[in-house]
Amino acid sequence: MNVFGIGLPEMALIMVIALLVFGPKKLPEIGRSMGKALKSFQEASKEFEAEFKKEADRLNETLNETSMEATLETPKPQEQPQLEAQEIAEAPAEEVIADSPEISNS
């Protein structure tokens, strides 16, 4: 028997110490109150787990009902860069080099 990593000899020692500290009259009362506390803790834990599962199922149903489709929009051509490209193509090579920001006139 191994409960919470405590074996039978350790449990017996804890019971003897509890008997010495609380006395034989209060020990059954303490045991009952501890049992009730453990039972209420287990019920609360089960209730929390049920609520969690219920909410997870509701979210899964919502996701399955909603169809999600991704579409890509084709970019609209910008007129400004095309005009600049046409102007550069029509301009003489000397003007393009002189107006270029990478080359400075020093």
I need the phi-derived Karplus couplings for segment 7-15: 6.51 cos²θ - 1.76 cosθ + 1.60, θ = phi - 60°, integer Hz, Gly and Pro marked x. x, 5, x, 5, 4, 4, 5, 5, 5
Local electrostatic count, D57, Cβ distance below 13 Å [Lys/Arg +1, Asp/Glu -1]: -2
How big, on average over all directions, is the shadow cast by the Cα convex hull of segment 8-65, in nm²? 5.6
In segment 22-59, the trypsin sites (Lys or Arg not before Pro) that sit in a DSSP loop and have at most 11 other Cβ atoms within 10 Å of their own Cβ are K25
Given 0.36 nm per residue, what is the gain on full extension from D57 to E43 after removing their alpha carbon distance, in nm? 2.9 nm
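Readers should treat all values here as calculations from the given coordinates under stated rules, not as data from a laboratory. A quick note: this is a predicted structure, and the numbers were derived from the prediction, not measured. Heads up, the Cβs are rebuilt from the backbone with ideal geometry, glycines too, and the neighbour counts pull from every protein chain shown.
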